[in-house]
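Okay, so here's the structure we're looking at.
The values are calculated or read from the model by the stated rules, or taken from the named source; none is laboratory data. Because the structure is predicted, anything quoted here is derived from the model rather than measured. For neighbour counting, all protein chains shown are included, and Cβ atoms are generated from backbone atoms with ideal geometry for every residue, glycine included. Surface areas here come from the heavy atoms of the whole protein model, side chains and all, with no ligands, DNA or RNA. Shrake-Rupley method; radii C 1.70, N 1.55, O 1.52, S 1.80 Å.
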Amino acid sequence: MAGTDKLPNNNQFASKPQRNTLAEIKKIVQERIERLQNPSNCKAARKFLCWVKVHGCGLGCQLHHIGICFMMAIGTNRTMLLKIESKNYPTLKSLDKAYLPLSKTCTEWLDKEFEKSKGFNGNRIEEISKDEQVVNRLIKGPFRPYTPFAPNSYPESLKYKLRPFVSEPQIWWFGQVMSFIMRPQPKLYQELEEIKTELEFLHPIVGVQVRRTDKLHLESEYHPLEEYMLHVDKWFNHYDEINGAQATRRVFLATDDETVLQEAREKFSSYTFLSLTNNTLLAAKAHRKTEESFWGIVQDFALLSQCDHVVCTFSSNIGRLVHELMIARSDSPLRYATSLDAEHYSWGEITMLRKVIKDHDPEKNGELQLRVGDILENTICRKTCNGTNSRNGKRGFYPKEKIKALPATAEYAAMTDLFQPS
Ligand SMILES: Nc1nc2c(ncn2[C@@H]2O[C@H](COP(=O)(O)OP(=O)(O)O)[C@@H](O)[C@H]2O)c(=O)[nH]1
Ligand SMILES: [Mg+2]
């Protein structure tokens with residue numbers, strides 16, 4: 001058997017696992033979504049008919065619903081076809097003016113096709129409708145997750161690939177899905193370039209999104225401008241320290257409150273504030289459903305997500321979506337958004353476990369005592385964050401800076417075998 005002994009030992013000769021750059025991983029993921037969305041034979045393709053029928057939803061909210069649907073389609077290896085119905089903008093037509101259509105080859109369905117198809121039916125263990133060629137999902141508003149292909153999960157195939165680069169892989173993944181949906185049409189891209197030249201939108205630049213008006217009625221609390229600017233200051237101080245020079249302090253300000261820009265210029269004169277003031281006026285409730293207002297938030301989304309840092313509130317779909325896009329598109333772990341209120345969350349999300357990374361003793365009524373390594377269960381983060389400490393079964397509030405998310409992976413069927421064995 002001497003000859004056999006000389007045969008190469010697989011382990012010895014197996015090449016080291018290839019380490020892709022984040023840019024490569026992003027490209028591979030985007031190409032895979034593109035491939036799924038453009039089957040050569042639409043008729044024969046596995047399809048996911050997604051009908052988003054939510055009223056009273058702004059653009060970020062609508063786009064998030066589309067993203068949540070898209071995750072189910074990717075998870076079950078189906079091309080997603082989309083229909084939107086809303087008393088608000090946007091119609092699918094206006095959405096298509098801003099963003100590239102989800103598919104070039106497979107876009108519309110007939111009513112009878114929707115009626116004939118089975119409702120998407122899955123749970124965490126098994127997708128009951130997995131053998132159906134066409135499935136449908138009607139999204140009427142927030143729903144409880146019933147599949148593993150939901151926000152807070154990410155593809156198993158990316159687990160080790162993302163680990164060296166990304167601390168919130170579940171948001172990176174959701175951001176990839178949202179980035180695909182929001183690929184700009186050439187006309188929008190061109191328009192944004194012109195706006196940036198006109199505004200002198202130059203780096204470094206920090207974005208601030210102040211969400212007020214209707215949002216303050218039920219969903220969020222008022223935060224004074226000073227609170228946002230504290231974080232902006234901190235970011236620029238850090239930037240100057242690293243670079244050993246004082247940068248021009250540029251802030252791109254987006255808001256639905258028309259008093260904010262003037263206040264900012266009066267109170268923070270060492271800053272240069274750039275803003276699309278007409279967009280703020282169009283964000284007023286009376287104009288919000290118009291096509292112009294839609295275009296305004298499309299522009300604000302794009303410019304905020306191109307900033308080097310953004311200070312906002314994650315109780316708003318706007319802040320969360322900007323954070324997702326920044327994380328997904330960046331090669332730098334330093335580009336992200338800071339929230340003045342909630343931790344990042346999504347409608348339709350899977351409940352995540354969270355791990356304590358810093359001790360905490362209660363400072364307010366109802367706060368949990370935390371010790372490094374404690375695991376929090378049933379965490380939910382809206383205006384405030386709360387969860388159950390598995391160490392003692394106590395439920396209460398926790399400060400979001402002292403915990404780390406433990407997102408789950410799932411076998412997204414369209415995301416298997418992404419990387420060639422080297
Ligand atoms: N252009 C613009 N519109 C805004 C801004 N803030 C709020 N809006 C308007 O408010 C809507 C709110 O959107 P939605 O996705 O529901 O976010 P949420 O209500 O903040 O969670 C947007 O679609 C805009 O019409 C802003 O900074 N700029
Ligand atoms: Mg809203």
Discussion item. E226 - would you say it is in a helix (DSSP H, G or I), among the acidic types (D, E), touching a residue at least 24 places away in the same chain (Cβ under 8 Å) and more than 16 Å from ligand 1 (Cβ to nearest atom)?
Written reply: yes
Practice prompt. Would you check which residues across region 55-66 are within 25 Å of E127 (Cβ to Cβ) and either in contact with a Pro (Cβ under 8 Å, 6 or more places away or on another chain) or within 11 Å of ligand 2 (Cβ to nearest atom) (or both) and list them?
Written response: H64
Worksheet item: With respect to L281, is the statement that it is open to solvent by 80 Å² or more (accessible area, probe 1.4 Å) and either farther than 30 Å from H217 by Cα or within 13 Å of ligand 1 (Cβ to nearest atom) (or both) true?
Response: yes
Worksheet entry | Which listed residue is modelled with pLDDT of 95 or more, surrounded by 15 or more Cβ atoms within 10 Å (Cβ to Cβ) and among the acidic types (D, E), from D240, D257 | D257
Worksheet item: If you take the residues of region 195-223 that are of a type in the set (A, V, I, L, M) and not in a helix (DSSP H, G or I), which of them is nearest to ligand 1 (Cβ to nearest atom)?
Response: V210
Worksheet, complete the sentence: Across region 379-402, the tally of residues that are surrounded by 13 or more Cβ atoms within 10 Å (Cβ to Cβ), touching a strand residue (DSSP E or B) at 6+ places or on another chain (Cβ under 8 Å) and not aromatic (F, W, Y) stands at 15
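Results for (1) β-branched (V, I, T); (2) within 16 Å of ligand 2 (Cβ to nearest atom); (3) modelled with pLDDT under 95; (4) surrounded by 20 or more Cβ atoms within 10 Å (Cβ to Cβ), shown as yes or no for each residue.
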site: T272; (1), (2), (3), (4): yes, no, no, no
site: S305; (1), (2), (3), (4): no, no, no, yes
site: C312; (1), (2), (3), (4): no, yes, no, yes
site: I318; (1), (2), (3), (4): yes, yes, no, yes
site: V322; (1), (2), (3), (4): yes, yes, no, yes
site: R329; (1), (2), (3), (4): no, no, yes, no
site: S332; (1), (2), (3), (4): no, no, yes, no
Practice prompt. Could you pull out every one of the strands (runs of 3 or more DSSP E) wholly within region 59-156 that has 3 or more residues that are buried (at least 18 other Cβ atoms within 10 Å of the Cβ) and of a type outside the set (A, V, I, L, M, F, W, C)?
Written response: 153-155
Discussion item. Can you find a residue that is under 24 Å from the mean Cα position of the chain (by Cα) and on the phi > 0 side of the Ramachandran plot anywhere in region 390-411?
Written reply: no
Item to complete: Return a yes/no flag: does region 368-375 have any residue that is closer than 22 Å to P151 by Cβ, free of Cβ contacts under 8 Å to residues at least 40 places away in the same chain and in the same structural domain as R395 (by TED's automatic domain parsing).
Response: yes
Practice prompt. Mind listing whichever residues of region 333-357 are closer than 19 Å to P151 by Cα and not in a strand (DSSP E or B)?
Written response: Y336, A342, E343, H344, Y345, S346, W347, G348, E349, I350, T351, M352
Discussion item. Being crowded, with 19+ Cβ neighbours inside 10 Å, under 21 Å from L162 (Cα atoms) and over 14 Å from the mean Cα position of the chain (by Cα) is the filter here; which residues of region 334-350 pass it?
Written reply: I350
Worksheet item: Which one of these does A405 not meet: (1) exposed (fewer than 14 other Cβ atoms within 10 Å of the Cβ); (2) in a strand (DSSP E or B)?
Response: (1)
